[in-house]
1. Kindly indicate whether Ala69 is more than 17 Å from Ala101 (Cβ to Cβ), open to solvent by less than 50 Å² (accessible area, probe 1.4 Å), in contact (Cβ under 8 Å) with a residue 12 or more places away in the chain and not β-branched (Val, Ile, Thr).
2. So the check is Cβ under 8 Å with 6+ separation or different chains; which pairs have a first residue in the range 44-61 that's closer than 11 Å to Tyr13 by Cα and touching a residue at least 60 places away in the same chain (Cβ under 8 Å) and a second one that's surrounded by fewer than 18 Cβ atoms within 10 Å (Cβ to Cβ) and of a type in the set (Val, Ile, Thr)?
3. Does any residue of the range 12-22 turn out to be open to solvent by less than 30 Å² (accessible area, probe 1.4 Å) and either within 18 Å of Ser77 (Cα to Cα) or not in a helix (DSSP H, G or I) (or both)?
4. Out of everything in the range 24-38 that is farther than 13 Å from Asn49 by Cβ and part of a loop (DSSP other than H, G, I, E, B), what residue ends up being most open to solvent (accessible area, probe 1.4 Å)?
5. Hey, can you tell me all the residues within the range 72-94 that are under 28 Å from Met1 (Cβ atoms) and open to solvent by 30 Å² or more (accessible area, probe 1.4 Å)?
6. Filter the range 39-61 for residues that are assigned to a loop (DSSP other than H, G, I, E, B) and either open to solvent by less than 20 Å² (accessible area, probe 1.4 Å) or on the phi > 0 side of the Ramachandran plot (or both) and give the result.
Amino acid sequence: MTSNRPYLLRAIYDWITDNDLTPYLLVDAQQQGVRVPPHVIKNGQVVLNLAMRAVAHLELGNEWISFQARFSGVSHSILVPLSAVLALYAQENGQGMMFPAEDEQEAPSSPAPAAAPRAVEDSPRPEGGDEPPPGDKPTGKGRGASHLRVVK
């Protein structure tokens, strides 16, 4: 049976964006196959803003998440194997879903060149930049504990 992770990620992403909230993706940046700028990694993890205004050519595939994003004004192609996704949540209130770590396995082979993100034209950047502020955690604003829970 195939993994339910890609289906859950797409559903949670749609739910967050349909409610006009900002989807943030928490990624284990130390997993094989993760391609993000090294300067955005903190404690082996990275939080990525997946809002439509912050990324271009977003593809939520069955094995990979890929998109173009700007960090400090420089465009980067981002690749995240689904096994590296730790959580997807709304930045404004912390609601979303955590994902259990998958057994260590080889990262899926890179997406085919035809599926690779294309160059991004100058697109509008969100207010305050396109990456989450340093220290942003999936706990919601002003809350001491996460509202995320593991769903089995």
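The values are calculated or read from the model by the stated rules, or taken from the named source; none is laboratory data. No experiment lies behind these values; they were computed from the predicted model shown. Methodologically, a virtual Cβ is constructed for each residue, glycine included, from the backbone with ideal geometry; neighbour enumeration extends over all protein chains shown. Heavy atoms of the whole protein, side chains included, go into the accessibility calculation; ligands, DNA and RNA do not. Shrake-Rupley method; radii C 1.70, N 1.55, O 1.52, S 1.80 Å.
1. Here the answer is yes, as Ala69 does meet what is asked.
2. Pairs found: Ala51/Thr17.
3. There is at least one residue in the range 12-22 that is open to solvent by less than 30 Å² (accessible area, probe 1.4 Å) and either within 18 Å of Ser77 (Cα to Cα) or not in a helix (DSSP H, G or I) (or both).
4. Gln30
5. Leu86
6. Within the range 39-61, Asn43, Gly44, Leu50, Ala51, Ala54 meet the criteria.
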